[in-house]
Amino acid sequence: MTHTVRIWDLPTRLFHWALAASVIALVVTAKVGGNAMVWHLRLGYVVLALLVFRLVWGLVGGRWSRFGAFLYSPVRLVGYLRGAGHPEDGVGHSPMGALSVFALLAVLVAQVGTGLLSDDEIAFSGPLTRFVSNAVVGQATGYHKEIGQYLVLGLVALHVLAIGFYVLVRKHRLVAPMLHGYKELPQPVAPSRDDLATRALALVALGVGAGVAWWVSTLSAF
């Protein structure tokens, strides 16, 4: 007997796909260059807003979207890798999936942060460059162009390959639940709350993220 459980709330799902689309667009605009860099900067603010939202939502969001639900101990991770996982390892993010999520969020934070500190000495200058030395700007620009983008691309590729492995080899449905929110599980678990009150709270969290991004964007005007 299986149990149909709401695992991914609507705000988490919308964040996931919005972030994926934004990262793809950021890569494309960076490669095109020229006038596309205007959109690259705008998309950077979008990703900043999304990341702030996810940090907030990781504290107050649905049951399985909270960081506490997939912040695993080393012992739990080793047990999972040895095939002796906990029954709840397959509910939300697995221990390996959690590592991927945290790594990708950290790399994206670093990429957005260094982008705000970058200066291409032609037409683009991040809004935070005026607050740091030229040496820091140079280091941030170098990381953003030479290291950070490849870390992002590498982690995204690894993320996609891992999903493919779990879907094709282990026969785990990972994509569909991120579309409709439900998972078929062998045991009953507490679902994520996903009602009007939760979604209103998500709008507040998104407003916080948008407010932070807007405020950062205004710093270059001073």
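The values are calculated or read from the model by the stated rules, or taken from the named source; none is laboratory data. Just so you know, these numbers come straight off a predicted model, no measurement behind them. Note that each Cβ is placed from the backbone with ideal geometry, even for glycine, and that neighbours are counted across all protein chains shown.
Taken over region 66-109, the criterion of being under 14 Å from V189 (Cβ atoms) and part of a helix (DSSP H, G or I) is satisfied by A69, P87, E88, D89, G90.
Checking the condition within 13 Å of G209 (Cβ to Cβ), of a type in the set (A, V, I, L, M, F, W, C) and surrounded by 15 or more Cβ atoms within 10 Å (Cβ to Cβ), which residue from V56, V91, V101 passes?
Values: V91 fails: within 13 Å of G209 (Cβ to Cβ); V101 fails: within 13 Å of G209 (Cβ to Cβ).
Within the list V56, V91, V101, the selection yields V56.
Within region 176-187, if we keep just the residues that are loosely packed, with under 15 Cβ neighbours inside 10 Å and closer than 19 Å to R66 by Cα, the residue that is modelled with the lowest pLDDT turns out to be L179. The single condition from (1) more than 24 Å from E184 (Cβ to Cβ); (2) under 13 Å from the mean Cα position of the chain (by Cα); (3) surrounded by fewer than 17 Cβ atoms within 10 Å (Cβ to Cβ) that V32 fails is (2). Count of region 192-214 residues, restricted to those that are without any contact (Cβ under 8 Å) to a residue 60 or more places away in the chain and either more than 13 Å from R6 (Cβ to Cβ) or touching a Cys at 6+ places or on another chain (Cβ under 7 Å) (or both), is 7.
Listed by first and then second residue, the pairs with beta-carbon distance under 8 Å, at least 6 apart or on different chains, first residue in region 42-60 and free of Cβ contacts under 8 Å to residues at least 24 places away in the same chain, second hydroxyl-bearing (S, T, Y), are L43/S22; L43/T29; G58/S65. Criterion applied to L219, L206, L196, L185 was being under 30 Å from L128 (Cα atoms), among the aliphatic types (A, V, I, L, M) and more than 23 Å from the chain's Cα centre (by Cα), and the one residue passing it is L219.
Against the definition (at pLDDT below 95, over 23 Å from L50 (Cβ atoms) and touching a Ser or Thr at 6+ places or on another chain (Cβ under 9 Å)), how does K171 come out, yes or no? Spelling it out, it is not the case that K171 is at pLDDT below 95, over 23 Å from L50 (Cβ atoms) and touching a Ser or Thr at 6+ places or on another chain (Cβ under 9 Å). One residue alone among A135, A103 is within 14 Å of F70 (Cα to Cα) and free of Cβ contacts under 8 Å to residues at least 60 places away in the same chain, and that residue is A103. Restricting the search to region 8-50, which residues are at pLDDT below 95, in contact with a Ser or Thr (Cβ under 8 Å, 6 or more places away or on another chain) and of a type in the set (A, V, I, L, M)? Answer for region 8-50, where residues must be at pLDDT below 95, in contact with a Ser or Thr (Cβ under 8 Å, 6 or more places away or on another chain) and of a type in the set (A, V, I, L, M): A36, M37.
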